[in-house]
Structure formats: structure tokens, C-alpha cells
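This report concerns only the one structure given below.
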Amino acid sequence: MILDLSDLTDLRQKVSYGVSPLFELATSLYVLAQPARHEPHAGWVANSLQILRKERLLAEWHYLFPLFQQSVPALFYPQLTERAMSVDEQYDYLVNIDTGSFLASLPSELLQPTLSVPISSLPTDIQSDPEAVKCRLILFLSSYWQLLFQRKWERLAPRFLQEAEAIEQALGDIEQLTQLLRTILPVFRDEHCLCFADKTEPERRRSLHKLTLYPSLFFTHAPQLTACQETLLLLYNCEQRTQPLG
């Protein structure tokens, strides 16, 4: 995948960035659904489960956690939710998702349950009444934000601000941008073109027109590149750089 940055006086014409509180919230639930795999968050996970138990929300979490057990549902992806910054905007976004889009965003295994003894009735409920499942999810997310994640988000905000400042500085010229991107993943620069390996179609050269960076703190996987129409989306964890912020 090739992003041509030649003949640009302002890299902001083609390179942008965004942060999504709703994606961070959903990704924190992904971490909460499989605590053994995420050692850096072990203390936070233990404390969060205690709060859910104290607030009598643990049973509801046990019902909903299959939604986050394998991956974060697509409806939370930052390219869809980055504009939903306030609590009201997040609520409006979730409420206005139609049932078809809600189902399409869920992990495929939930739409075709195969467990003979399911650990939650959620897969069956998705088949019979997906709108009711969506409503239960929205109510749980509202409580989870108020009781637990809002304080966490406030503590995360300064780190995101630091990352935004680093990206802004890197947009001064192509050399600085290339240096920043190399702290996230290998980047090859050739005559002001940024070339990224496309694992899905390794032999195809695809030209893209824009790059959007999505820093995260709860996203624990390797940097994720996704082509969406003519834009290359780069999702990555701020704390997993190969080099410190300059």
C-alpha cells in the first residue's frame, strides 16, 4: 500500500489522527474479558471486577462479556466513533445504530453459536431478540462509564495529549513523520512515498490518498493497518513504541 506525499507543503492535507473514548472503553472490556492475557493491566482488571461486584453489575457483565471475548465489536472502531467524544454523543451514537448494523458488527461466532452448554444465554438472545441485547449493552456501558471508566479516561487523557503533540510535531516535514512512523512499525521511504506491507494482498500495489493515526492505550495487539476506501488507518498502542517519544 503506497501513500504518496510528494509535492505537499502541508502534510495535514493527507495525514490526520484521532482518539475515541468509546473505543478505549470497549477495548478495556476486551481486556477485562480475558485478564490472564494482559499482564500490564492486571491490577486494573482486579480492581474493576471488584467494583462491578460491589455495584451488583458482575452478573450483567458475565452475560455480556462474550461480545468482547474474542475481539472488539466493529461498531466501536475508532474511525466510526472518534467524533463521539462526550457521554451524550456516545449514547446518541449507540442508540442510533440500527439492528442490522449491530448484528453485522458482532463477532461471527456469536451469530452461529455452537457451544452445547453456553456460558451465557447471550448468543441465543442475539438470535431471538438482538434489539433487546443492544439495549442491555447500552445500559451496561452507561453504568460502566459512570462507575468505573470515566475516572480511568481522565487519567489516560494526558497521555493522549502527549501523543497528539508528538504527531503534530511530526507533521512538520516528511522526515519527522517517517521517524515517528518507524517507532510504530517498519516504514519504507522512497521519494516521499510511504510504503506499507499489505498482508492480505502482498503482491498488489494499492495507492491510497490519506493516512489516519489512531493511538490507543488499551489496544494490546501489534499495530493494525486497515485500508478503508482511499484512507489507510493505523491503530496502535502508544506504550509499545520501539523508541521513546522525541
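Ranking SER48, SER101 from most to least accessible surface, computed with a 1.4 Å probe over the protein chains only, gives SER101, SER48. The mean accessible area for residues of segment 1-91, using a 1.4 Å probe and ignoring ligands and nucleic acids, is 49 Å² per residue. For the residues TRP61, TRP153, a 1.4 Å probe over the protein chains yields an accessible-area ranking, largest first, of TRP153, TRP61. The slack between ASP4 and SER105, meaning 0.36 nm per residue of separation minus the straight C-alpha distance, is 33.2 nm. If a spin label sat at a point 7 angstrom from the Cα of ARG159 along the line to its beta carbon, the backbone N atoms of segment 209-238 nearer than 17 Å would be those of 214-224, 235-238.
Provide the FRET efficiency to the nearest 0.05 for the GLN50-LEU139 pair, computing r from the beta carbons and using R0 = 30 Å.
Efficiency, rounded to the nearest 0.05: 0.90.
Available extension along the chain between GLN34 and ASP173 is 46.0 nm, counting 0.36 nm per residue and deducting the alpha carbon span.
The values are calculated or read from the model by the stated rules, or taken from the named source; none is laboratory data. What you see is a predicted model; the values in this text were computed from it and never measured. FYI the Cβ positions are ideal-geometry reconstructions off the backbone, even for glycines, and counts take in every protein chain you see. The accessibility values were calculated without ligands, DNA or RNA, using every heavy atom of the protein model including side chains. Shrake-Rupley method; radii C 1.70, N 1.55, O 1.52, S 1.80 Å.
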